[in-house]
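Report on the structure given below.
The values are calculated or read from the model by the stated rules, or taken from the named source; none is laboratory data. The structure presented is a predicted model; accordingly, all values stated were derived computationally and were not measured. A quick note on method: Cβ atoms are made from the backbone with ideal geometry, for glycine too, and the neighbour counts reach across all protein chains shown. Areas reflect the complete protein model, heavy atoms only, side chains present, ligands, DNA and RNA absent. Shrake-Rupley method; radii C 1.70, N 1.55, O 1.52, S 1.80 Å.
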Amino acid sequence: MAGTGGADMSRGFKVLLVVGVVAAFLGLSAVLVLTLPTFGGTMEGERLARMRQSPQYVDGRFENMPPYRAELALVQNIRDYLGGQQREPGFAIPVLPLAPGSLKLPPLAGMRAIWFGHATVLIEIDGVRILTDPVLSERASPFQFIGPQRMHAPPIDLARLDGIDAAVISHDHYDHLDRDTILQLARGGTHFFVGLGIGAHLERWSVPPMQIHEMDWWDHTRFKGIEIHATPARHYSGRKSMDNSTLWSSWMIRGAGYSVYYSGDTGYGPHFKEVRQRLGAPDLALMKIGAYGSTWLDIHMDPESAVQSHVDLGARTMLPVHWATFNLAYHAWDEPIVRAVAAARDKGVSLVTPRVGEVVDSDVPFTSRPWWRATR
């Protein structure tokens, strides 16, 4: 009996040893994976010193004011997830391809916008081409073999994307900051305007420092004759984890005769009225309407809040973004636009609903079509 007990103990120790080795291997593998370039760079040296000077930097991380505290609402999140919504369309989302070589031609005078899908919009303003949160890869993920996949193609292939003067980046999540798209743009000389800390990611990806412009809220700079302002948002960040290690932003772009505001990812808050008070009402507002949940609203506003934010801004025209490209939330794929259209009608807001790749010209009347009802 004693011998049998000793053998059992020996086998038990071996099992524990194997489990420990496997756990250590998996832990080490996870650590090594997080060092891959796709996960970005490290904030240190002069960059970190500047981050620490920001009013938004508190106790080693950036904070919303008042701070955002995640709700531990597991039951509600499960209910939302199991709600039976149609998360992807049952038809091909219409895409109008850009004419070959169109980005090699100089932009026309005035201002126009082309929605590429999700939060990516091509803006032409006073002869300058600017992209918001450029993501043209197949998946919004650190890896292109797994993660949320596009529901439609972009209006131009990533390999043909050139002629872009600047890009404004709202934050470093994978559906807003895509390494492959950044590298393609950087090769063409695009300048990147980013929140504090995000420049570390771009430098890790060998983007030349002279093409990187890191900005705190209310910082502004002139670029090719236009003003670019970093403005507040209510969100969170982190390339490896939700550690708020970089600063999220919205953006105001002002030319001589036109201006456009991009909300980035945000919850509803007083910052929209403050932007208007400080910088004036924009002609066009690119407002996030999708990817929200009942427990997320402090950092991911719903369509009704997006329309109210547009009213707070006093903007002339609203172009809804951040929907119909990636399945990232618990609602039906078309719920954001259905609710946004209804809210805009109730509040008398001028809202345009372009197809992917369709031009919205500030000086030409736009006829919106409910293209999301294609099979209904």
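Its residues counted as N, the stretch 271-370 yields a C-alpha radius of gyration over 2.2 N^0.38 Å of 1.06.
Can you compute the charge dipole magnitude of the stretch 278-376 about its Cα centre, using +1 on each Lys and Arg Cβ and -1 on each Asp and Glu Cβ, nothing else charged? Give it in debye, rounded to the nearest 20. All intermediate terms of the calculation are to be shown ahead of the outcome.
Details: 10 positive and 11 negative charges, 43 e Å.
Dipole about the Cα centre, nearest 20: 200 debye.
About its Cα centre, the dipole of the stretch 141-293 is roughly 180 debye, where the only charges are +1 on Lys and Arg Cβ and -1 on Asp and Glu Cβ.
Ignoring ligands, DNA and RNA, what accessible area per residue does the chain give at 1.4 Å, in Å²? Could the numbers behind the result be given before it?
On the way: 17040 Å² over 376 residues.
Computed with neighbouring chains in place, this is 45 Å² per residue.
Among the protein heavy atoms, those of residue 213 account for about 50 Å² of accessible surface (1.4 Å probe, every chain in place).
The phi-based Karplus calculation (6.51 cos²θ - 1.76 cosθ + 1.60; θ = phi - 60°) puts the 3J(HN,Hα) values of the stretch 88-102 at 9, x, x, 8, 6, 4, x, 10, 9, x, 5, 4, x, x, 5 Hz, whole numbers, x for Gly and Pro.
At a 1.4 Å probe radius, which order do 296, 251 fall into by accessible area, largest first?
Values: 296 50, 251 0 Å².
My answer, sorted largest first, is 296, 251.
For the chain, compute Rh as the Kirkwood radius over C-alpha pairs and then the Stokes-Einstein diffusion coefficient at 20 °C and 1.002 mPa s; write the answer in µm²/s, rounded to an integer. Working shown, then result.
Working: Rh = 21.9 Å.
Estimated diffusion coefficient is 98 µm²/s.
Positive end of the dipole of the chain (Cβ unit charges, origin at the Cα centre): among 231, 66, 343, the Cα lying farthest that way belongs to 343.
Take the alpha carbon atoms of the stretch 217-245, find their center, do the same for the stretch 89-106, and report the distance between the two centers in whole angstrom. A separation of 28 Å, based on Cα centres. Charge tally for residue 38 (other residues, Cβ to Cβ under 15 Å; Lys, Arg +1; Asp, Glu -1): -1. Here residue 258 sits with roughly 50 square angstrom of accessible surface, probe radius 1.4 Å. A probe of 1.4 angstrom, applied to the heavy atoms of all protein chains, finds residue 369 with accessible area near 120 square angstrom. For the chain, a crude dipole built from +1 on the beta carbon of Lys and Arg and -1 on the beta carbon of Asp and Glu, taken about the Cα centre, is about 340 debye to the nearest 20.
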